[in-house]
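Asks: I have a structure here, written as structure tokens, and I will follow up with some questions on it.
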């Protein structure tokens, strides 16, 4: 649990392990997931606790497998601040030393848009880039799952989406 907490980089969140499943059983959330090869586990849910009192729980629907529909962070954040502007999800396929890639990443940085970078030749093959984007050139930028394209395409996208 401590390693996961460090990986999440969430200093304002308290991570509480339940190694013996005592809390989980007490909440009525302990289920048998032998069919998935997991044994006894907690059913997936998220919970907002304020001052030791449970304010809200988002419990996954009771259906086969391991559903992940309502216990996600987005659902909780919508509950906490439904009118908040959500950051875009951005992925950039690039190559090391590519000036067009540097331009695209610079535009994103200037706009304050965080992005995940996938480096072709290190993290993914050219075949993987083609499978994801239908193209074999870099950069390839995706915003909220929508393929934007290269650096010129991104510049045009910014023109169309600026206010």
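The values are calculated or read from the model by the stated rules, or taken from the named source; none is laboratory data. Predicted model only: the values in this text are computed from it and were never measured. In this analysis, Cβ positions are derived from the backbone assuming ideal geometry, glycine residues included, and neighbour counts consider all displayed protein chains.
Asks: Quickly run through segment 135-149 and pick out the residues that are surrounded by fewer than 18 Cβ atoms within 10 Å (Cβ to Cβ) and not in a strand (DSSP E or B).
Replies: 135, 136, 137, 144, 145
Asks: Name every residue in segment 7-23 that is surrounded by 10 or more Cβ atoms within 10 Å (Cβ to Cβ) and in a helix (DSSP H, G or I), in order of residue number. Walk me through it before giving the result.
Replies: First, pick out the residues of segment 7-23 that are surrounded by 10 or more Cβ atoms within 10 Å (Cβ to Cβ): 8, 10, 15, 17-18, 21-23.
Those that are surrounded by 10 or more Cβ atoms within 10 Å (Cβ to Cβ) and in a helix (DSSP H, G or I): 8, 22, 23.
Asks: Still on this structure, please answer the following. How many residues are under 18 Å from residue 76 (Cα atoms) and at pLDDT 90 or above if we restrict to segment 11-51?
Replies: Here the count works out to 9.
Asks: Related question: Taking segment 114-134, which residues are surrounded by 14 or more Cβ atoms within 10 Å (Cβ to Cβ) and assigned to a loop (DSSP other than H, G, I, E, B)?
Replies: 115
Asks: OK, next. Determine, yes or no, whether residue 124 is touching a strand residue (DSSP E or B) at 6+ places or on another chain (Cβ under 7 Å) and touching a residue at least 40 places away in the same chain (Cβ under 8 Å). Walk me through how you get there before you give the answer.
Replies: Values: touching a strand residue (DSSP E or B) at 6+ places or on another chain (Cβ under 7 Å): yes; touching a residue at least 40 places away in the same chain (Cβ under 8 Å): no.
Against the criterion (touching a strand residue (DSSP E or B) at 6+ places or on another chain (Cβ under 7 Å) and touching a residue at least 40 places away in the same chain (Cβ under 8 Å)), residue 124 does not qualify.
Asks: Also: Would you check which residues across segment 75-97 are out of contact with any helix residue (DSSP H, G or I) (no Cβ under 8 Å at 6 or more places or on another chain), surrounded by 12 or more Cβ atoms within 10 Å (Cβ to Cβ) and closer than 30 Å to residue 135 by Cα and list them? Quick ask: steps written out before the conclusion?
Replies: Just the residues of segment 75-97 that are out of contact with any helix residue (DSSP H, G or I) (no Cβ under 8 Å at 6 or more places or on another chain), to begin with: 75-83, 85, 87-89, 91, 96-97.
Among the residues that remain, those that are also surrounded by 12 or more Cβ atoms within 10 Å (Cβ to Cβ) are: 75-79, 88-89, 91.
The answer is 88, 89, 91.
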